[in-house]
Amino acid sequence: MATAHATTLRALAALLAYPDEDLRAALPEIAAALRDARGLDAQRRGELLALADELGQGEQLDAEARYVELFDRGRSTSLNLFEHVHGDGRERGSAMLELRERYQRMGLQQSGHDLPDHLPVLLEYLSCCDPAETPELLGECAHVLRKLGNTLAHRGSRYAAVPAALLALAGVEGLDPHTPVPPPEDLDKSWEERPAFEPPIAAAP
């Protein structure tokens, strides 16, 4: 039986999942887990419950379209954590390999098509670990969580409640509503990978 700590992490992971029919059907169970969440104050729980309520409202196709527009259209709100650090550079590949090996050392074999640095995957991993690992690992990526949460908050998205809750579980500084609004992204430029080879050096005359 999952501990309360594990259940909280899995509920937070679920809130960040693609809002398909199965997720929307599970929202009452997710909300019940959030009401009992330990380590979160009333404000954090209220914000998470408001997000869960919003995900259950309206047409499913509209919820799915909002999700894609928010998380799949630029790096600043990507749920793949290493994108915020390494972009599409080759350093990201080695970082993901290390993370995958960390999962495997726990006896966990990742299923599905999500990358190892996908935030819901990381939360699922933490739900299987000793609770003492949660503040340590979330603390290591707190700067990314804070940047993600601040950007979501600036866009008026209730999804900002999830990074805010994770920072609270890590016991570190939360979101800052006074941070400058990030400039609009040039999608072609933001997703551009550095070339594999540098231009040839011209021979001296």
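The values are calculated or read from the model by the stated rules, or taken from the named source; none is laboratory data. Computed from a predicted model, the values in this text were never measured in an experiment. FYI the Cβ positions are ideal-geometry reconstructions off the backbone, even for glycines, and counts take in every protein chain you see. Please note that ligands, DNA and RNA were not included when accessible areas were found on the heavy atoms of the full protein model with its side chains. Shrake-Rupley method; radii C 1.70, N 1.55, O 1.52, S 1.80 Å.
Pop the C-beta distance of Q43 and L97 into the FRET formula with R0 = 35 Å and round what comes out to the nearest 0.05.
Here the calculated transfer efficiency is 0.35.
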In order through region 164-178: 3J(HN,Hα) via Karplus (6.51 cos²θ - 1.76 cosθ + 1.60), integer Hz, x for Gly, Pro: 4, 5, 5, 5, 5, 5, 7, x, 10, 4, x, 5, 10, x, 9
Under Karplus coefficients 6.51, -1.76 and 1.60, residue-wise ³J(HN,Hα) of region 120-128 in Hz, glycine/proline x: x, 5, 4, 5, 5, 4, 4, 5, 9
Protection proxy ranking, peptides 45-54, 60-69, average beta carbon neighbours within 10 Å, highest first: 45-54, 60-69
Shape category assigned to region 31-80 from the gyration tensor of Cα positions, a/c cut at 1.5: oblate
Protein accessible area in region 1-88, 1.4 Å probe - carbon and sulfur %: 49 percent
Table column - 3J(HN,Hα) (Hz), region 8-17, Karplus curve with 6.51, -1.76, 1.60, x for Gly and Pro: 4, 5, 6, 5, 5, 4, 5, 5, 8, 7
Built amide H within the under 5 Å cut-off of H118, gap 5+: L81
Local electrostatic count at A153 - Lys and Arg +1, Asp and Glu -1, tallied over other residues with Cβ under 15 Å: +1
Cα pair distances exceeding 18 angstrom across region 100-171, given as percent: 42 percent
